[in-house]
1. Taking the condition touching a Pro at 6+ places or on another chain (Cβ under 6 Å) and of a type outside the set (Lys, Arg), does Ala198 pass?
2. Counting only residues that are of a type in the set (D, E, K, R) and modelled with pLDDT under 95, which one in segment 64-103 is nearest to the chain's Cα centre (by Cα)?
3. Out of everything in segment 163-207 that is out of contact with any strand residue (DSSP E or B) (no Cβ under 6 Å at 6 or more places or on another chain) and of a type in the set (S, T, N, Q), what residue ends up being modelled with the highest pLDDT?
4. From the list Gly162, Gly186, pick out the single residue that is surrounded by fewer than 15 Cβ atoms within 10 Å (Cβ to Cβ), farther than 18 Å from Leu73 by Cβ and not assigned by TED's automatic domain parsing to the domain that holds Asp64.
5. Can you name the condition, by its number, that Ala134 falls short on among (1) part of a loop (DSSP other than H, G, I, E, B); (2) under 22 Å from Thr205 (Cβ atoms); (3) in contact with a strand residue (DSSP E or B) (Cβ under 7 Å, 6 or more places away or on another chain)?
6. Would you tally the residues in segment 193-207 being surrounded by fewer than 11 Cβ atoms within 10 Å (Cβ to Cβ), free of Cβ contacts under 8 Å to residues at least 40 places away in the same chain and either touching a Gly at 6+ places or on another chain (Cβ under 7 Å) or under 21 Å from Val160 (Cβ atoms) (or both)?
7. Looking only at segment 123-142, which residues are small (Gly, Ala, Ser) and over 15 Å from Ser79 (Cα atoms)?
Amino acid sequence: MKQNTEAPPAPVRIAAGAQVDESTALGPGTAVWELAQIREQAVLGANCVVGRGAYVGPGVRIGDGVKIQNHALVYEPASLDHGVFIGPAVVLTNDHNPRSVDPEGRPKRSADWEAVGVTVAEGASLGARSVCVAPVRVGRWAMVAAGAVVTRDVPDFALVVGVPARHIGWVGRAGERLRELPGQSGMWECPRTGVVHAERDGVLTEV
């Protein structure tokens, strides 16, 4: 008889004081810390971390290996791909024209507005206290600097800073800023990994 040598899936850890709706789906190895709130129908993949006081809205979709640091706010219908990093106190908004009341002064209800979401692609990082104003997409392995306000789409591998966020360079998968190869216009190299990237018409791809 063949013996099963596969390790059992890592347990889900939910700290005392966290609020996790019973309809959520949490992948193996995911940890939710004190005072975090994960709303109904949210889906988190394996080995995620949701920090103290963080908020994940209803129906939000989150991939594997995502880290959401303390007090970050991820409002629905945001989507975070595998390996995304959300820094402390980051905000992903969901209302392009926010108002508390309608034009007649009555309190707005859910039917009075249409939620728009932020999409964060694989491996991207959002620095502490940055804000993404929906609808917007942050590309693969891009990096948003601390305190930046993203108001338009961020290309793959782009480094953006400031208010509003502007593109100032490129980063690789290791998070290091890429350097242009001498005498090779449009060719960029990661100083840590040595991986070479090619830039064409504002789009960067790994060679």
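1. Details: touching a Pro at 6+ places or on another chain (Cβ under 6 Å): no; of a type outside the set (Lys, Arg): yes.
So Ala198 does not fit the description; no.
2. Just the residues of segment 64-103 that are of a type in the set (D, E, K, R), to begin with: 64, 67, 76, 81, 95, 99, 102.
Those left that are additionally modelled with pLDDT under 95: 95, 99, 102.
Values: Asp95: 17, Arg99: 25, Asp102: 31 Å.
If we take residues in segment 64-103 being of a type in the set (D, E, K, R) and modelled with pLDDT under 95, then Asp95 is nearest to the chain's Cα centre (by Cα).
3. Thr193
4. On the way: Gly162 fails: not assigned by TED's automatic domain parsing to the domain that holds Asp64.
Criteria check complete, one pass: Gly186.
5. Looking at each condition in turn, Ala134 falls short on (2).
6. 2
7. Here is the first cut: in segment 123-142, the residues small (Gly, Ala, Ser) are 123-125, 127-128, 130, 134, 139, 142.
Across segment 123-142, the qualifying residues are Gly127, Ala128, Ser130, Ala142.
So that you can scan it fast, the table gives a plain yes or no per residue for (1) farther than 22 Å from Asp21 by Cβ; (2) out of contact with any His (no Cβ under 8 Å at 6 or more places or on another chain); (3) in contact (Cβ under 8 Å) with a residue 60 or more places away in the chain:
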residue	(1), (2), (3)
Val43	no, yes, no
Gly63	no, no, no
Leu80	no, yes, no
Pro98	yes, yes, no
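The values are calculated or read from the model by the stated rules, or taken from the named source; none is laboratory data. From a predicted model like this one, the values you see are computed outputs, not experimental measurements. Heads up, the Cβs are rebuilt from the backbone with ideal geometry, glycines too, and the neighbour counts pull from every protein chain shown.
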